[in-house]
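K.L.:
Have a look at this one before I ask anything.
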Amino acid sequence: PARYQDRTAGVLDLVSRDGNREQPSLRATPSASNAGVSAEGPLGRAGRGSWLASARKSYLQYMIRRTSTDPTLAFGFTDGQLRLAYDVARGHNLAFSVTEGYSDLDRTDARNSLGGNSLMTSGYHLTNTGLAWRWAPSDRLLVTNRAAYIRERYENGNRESLTLASGMYREWAFGGDATWNWSSQAALEAGWSARRLGEDGYSNRYQYNPFAVRRLEDFGGTALRGGGYVQQSWSPLSGRLFVSAGARWDRHSTNDTQAVSPHAYLAVQLGRS
């Protein structure tokens with residue numbers, strides 16, 4: 001659909017649910033590769049909000065080290081999530097979320113067989129924070145505004161604990177969506193987005209000995225990316241026919257490219273099955 005047409009392939013849309021507003025609960029989830037715990041409950045005495053927190057840690061890397069001779073499998077991760085949601089007024093809801101994740105690769109058991117430019121340790125750190133405001137002035141109109149900050153940082157090291165590569169990607173994102181069900185069989189959707197992207201990093205290569213270094217890459221830059229869409233959907237004949245048509249516009253500041261992408265969709269239910 002037009003909402004996601006700034007991509008050239010499939011889209012996976014992940015949505016975080018709110019916590020339980022009725023009563024607190026605690027859940028533990030052990031498995032063969034990791035263990036996790038999550039807790040949730042109401043926020044405030046009137047039940048106008050909720051909180052949800054979770055954390056996971058893998059232990060598969062410890063099992064592999066004791067059962068396998070392949071040091072490339074020594075991979076582990078740790079992550080956590082927090083989400084707060086609150087009805088600040090009638091029809092107004094605020095939600096804040098933060099996700100932190102860290103994964104690493106440790107091949108120190110194979111240190112003696114690695115070259116000076118071979119990867120021995122690697123670390124990757126992800127931070128994702130978001131703030132969303134939902135406004136429902138009526139049962140037919142829903143407006144959502146969002147702001148988010150995303151950061152990804154990595155660093156690779158060799159057997160001498162010297163940096164092979166390092167970099168960081170960061171992004172500020174803002175956007176809004178509106179859905180208007182102007183009849184029981186039709187809905188109008190529209191939205192916009194603005195993203196400020198930035199990335200920098202470098203990579204090294206060591207020659208003859210670990211301290212003779214040659215810089216292979218040294219990059220950095222920022223860009224602005226914006227877009228908007230509108231789409232109309234109909235479902236007449238008691239929902240047996242579904243039609244949608246829309247378009248979106250996108251622009252990227254790096255090459256000043258602008259694109260307009262039309263979209264149409266038709267589905268017909270021929271029978272009960």
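A short reminder: the numbers here are calculations on the coordinates, not readings from a lab. All of these numbers come straight from a predicted model, not from anything done at the bench. Counting neighbours? That spans all protein chains shown, and the Cβs are built from the backbone with ideal geometry, glycine included.
K.L.:
Find the relative contact order for the range 1-98 and round it to a whole percent, using C-alpha pairs within less than 8 Å whose residues are 6+ positions apart. It would help to have the intermediate numbers written out before the result.
P.N.:
Numbers: 171 pairs, mean separation 20.9, N = 98.
RCO, the range 1-98: 21 percent.
K.L.:
Once the piece of chain linking Val213 and Gln269 is laid out straight, how much longer is it, given 0.36 nm per residue of separation minus the C-alpha distance between them? Write down the numbers at each step before the final one.
P.N.:
On the way: separation 56, 0.36 × 56 = 20.16 nm, distance 6.54 nm.
Extending this stretch completely gives an extra 13.6 nm.
K.L.:
Across the chain, where is the longest run that never hits GluC sites (Glu not before Pro) in a DSSP loop with at most 16 other C-beta atoms within 10 Å? If you can, show how the numbers build up before the last one.
P.N.:
On the way: sites that count: Glu22, Glu160.
That gives 23-159 as the longest site-free run.
K.L.:
Something else now. How big is the equivalent ellipsoid of the range 114-273 along its three axes, where each semi-axis is √(5λ) from the Cα gyration tensor, reported in whole Å from largest to smallest? Intermediate values should be presented prior to the final figure.
P.N.:
Working: eigenvalues 470, 65, 52 Å².
Output for the range 114-273: semi-axes of 49, 18, 16 Å.
K.L.:
Can you tell me what the convex hull of the Cα atoms of the range 1-128 projects to on average, as an area in nm²? Intermediate values should be presented prior to the final figure.
P.N.:
Working: hull surface 49.4 nm².
Averaging across all directions leaves 12.4 nm² for the Cα convex hull.
K.L.:
Relative contact order for the chain using alpha-carbon pairs under 8 Å, separation at least 6, rounded to a whole percent?
P.N.:
Working: 682 pairs, mean separation 30.0, N = 273.
That works out to 11 percent.
K.L.:
Per-residue ellipticity at 222 nm for the chain, helices alone: DSSP H runs ≥ 4 residues times -39500 (n - 2.57), over residue total, nearest 500 deg cm²/dmol?
P.N.:
The helix-only estimate for the chain comes to -1000 deg cm²/dmol at 222 nm.
K.L.:
Another question, then. Over all alpha-carbon pairs of the range 165-225, lay out the pair-distance distribution in 5 Å bins, whole %, shortest bin first.
P.N.:
It works out to 4, 13, 14, 10, 10, 9, 8, 7, 7, 5, 4, 3, 2, 2, 1, in whole percents.
K.L.:
How big is D, in µm² s⁻¹, for the range 95-152 by Stokes-Einstein at 10 °C and 1.306 mPa s if Rh is the Kirkwood radius over C-alpha pairs? The partial results should precede the final answer.
P.N.:
Numbers: Rh = 15.2 Å.
Roughly 105 µm²/s, to the nearest whole number.
K.L.:
Per the Cauchy relation, a quarter of the hull surface: what is the mean projected area of the convex hull of the alpha carbons in the chain, in nm²? Write out the running numbers ahead of the final one.
P.N.:
On the way: hull surface 83.3 nm².
Spelled out: convex hull of the Cα atoms, projected over all directions, averaged, 20.8 nm².
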